[in-house]
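See below for the structure under consideration.
A short reminder: the numbers here are calculations on the coordinates, not readings from a lab. Predicted model, so just to flag it, every value in this text is computed and none were measured. Don't worry about glycine lacking a Cβ; one is built from the backbone with ideal geometry, like all the others, and counts go over all protein chains shown.
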2 protein chains.
Amino acid sequence: MVSSDEFREAMSRLGTSVNLVTTDGPAGRRGLTVSAVCSVTDLPPTVLVCINRANRSHDVVRDNGVLCVNILAGRHEALSKAFASSSTSSEERFARGEWDTLVTGAPALIDAPTALDCGIAGRLEVGTHTIFICEVERIRMREAENLVYFNRAFHHLNPA
Amino acid sequence: MVSSDEFREAMSRLGTSVNLVTTDGPAGRRGLTVSAVCSVTDLPPTVLVCINRANRSHDVVRDNGVLCVNILAGRHEALSKAFASSSTSSEERFARGEWDTLVTGAPALIDAPTALDCGIAGRLEVGTHTIFICEVERIRMREAENLVYFNRAFHHLNPA
C-alpha cells in the first residue's frame with residue numbers, strides 16, 4: 001500500500017540528530033553517518049542504531065561487536081557528508097577529524113558534543129536493515145549543540 | 001559504569017522529533033508523547049517506537065496491535081505536554097485535538113504534519129522498555145514542520 005518513495009518522503013519529515021557511528025577491532029576501522037539512532041532504556045543504559053545490511057560498514061560493525069555514536073554539532077556538516085558519501089574511502093573519512101578512544105576501542109570524535117561508546121548487546125534484522133542494541137559503556141559530553149536533519153536540509157540547534 | 005543520570009543527560013543532547021503515539025481497539029483508546037521513534041527500513045516500510053513498560057499506555061498499545069505515529073509541529077507544544085503529563089487523563093488528552101482514523105482505527109491527529117498508521121509486526125523487550133516494530137500501512141502528509149526536543153527545550157523547525 002505504502003510505496004518506498006512515499007515512506008522516504010514521510011521519514012524526511014521526522015527530524016533527527018545527525019551522528020557518526022564508528023567501529024574498530026579485528027574486522028577493521030569503519031565509520032558511517034547514521035540518523036537512525038534512538039534512546040531505548042536507562043536500565044541498563046542502551047541506545048539502538050539501525051544500519052542497512054548492504055552498507056560496507058555493516059558487517060564490520062557487527063563483527064567488531066563495538067561502536068561509538070558520535071553526536072554531531074552544526075560545524076560538522078561537511079564531516080557528516082564525507083561519512084555518508086560512497087565515493088569517500090574509509091581513510092579519507094577519518095582523515096577529516098581528530099579521534100581518540102574511550103573504552104571499547106571504537107574511534108571517538110574528539111570535538112563531538114557527545115560520544116557514546118558502546119558494546120553491541122543484541123541485534124534484530126528487519127527487512128533490509130539490522131537494529132543493533134547497544135549498551136553504553138562510557139559517555140563523553142562536551143557541549144550542548146546538535147546538527148539536525150529535517151525536510152532534506154540541515155538545521156543547527158544551540159542551547160536554548 | 002554509566003549512571004542513569006549521566007545517560008539521561010547524554011540523551012538530552014540527541015535531538016528528536018516530538019510525536020504522539022495513539023492506539024484504539026479492543027483494549028481501549030490511549031495516547032502518549034514519544035520521542036523514541038526511528039525509521040528502520042523502507043522494505044517493508046517500517047518504523048520502531050520504544051515505550052516504557054511501566055507506562056499506562058504500554059499494554060493497551062501491545063494488546064490492540066496497532067498504533068499511529070503523529071509527528072508534531074511547533075504549534076503542538078501544549079498538546080505534547082498534555083500527552084506526556086501523568087496528571088492528564090486519556091479523555092482530557094484527546095479532547096485537546098481533532099482526530100479521525102486512517103486504516104487501523106488508531107486516532108490520527110487531523111492537523112499533524114505527518115501521520116503514520118501502523119500495524120505492530122514484532123516487539124523486543126530491552127531493560128525497562130519494549131521496542132515495537134511497526135509496519136506502516138497508511139501515510140498522511142500535510143506540511144513540512146516539526147517540533148523537536150533538544151537540551152530539555154522545544155525547537156520549531158520549518159521548511160528550509
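A compact table of results
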item: Structure-based [θ]222 nm, the protein assembly as shown - -39500 (n - 2.57) summed over DSSP H runs of at least 4, per residue, nearest 500; result: -4000 deg cm²/dmol
item: The stretch A:4-157: mean projected area of Cα convex hull, nm²; result: 8.7 nm²
item: Cα coordinate range in the stretch B:37-83, projected on the principal axes (Å, largest first); result: 34, 26, 15
item: The stretch B:1-77 pair-distance distribution - Cα-Cα, 5 Å bins, rounded %; result: 3, 13, 20, 21, 19, 14, 7, 2, 0
item: Semi-axes of the equivalent ellipsoid for the protein assembly as shown, Cα gyration tensor, largest first, Å; result: 31, 20, 19
item: Order of B:Cys50, A:Cys134 - criterion: other Cβ atoms within 10 Å of each residue's Cβ, fewest first; result: B:Cys50, A:Cys134
item: Order of B:Thr101, B:Thr16 under a 10 Å beta carbon neighbour criterion, fewest first; result: B:Thr101, B:Thr16
item: Mean separation of Cα contacts under 8 Å (6+ apart) over length of the stretch A:4-157, as relative contact order %; result: 29 percent
item: Residues A:Ser89, A:Ser80, B:Ser86 arranged by fewest to most Cβ contacts within 10 Å; result: B:Ser86, A:Ser89, A:Ser80
item: For chain B, size of Cβ-based charge dipole, Lys and Arg +1, Asp and Glu -1, in debye; result: 240 debye
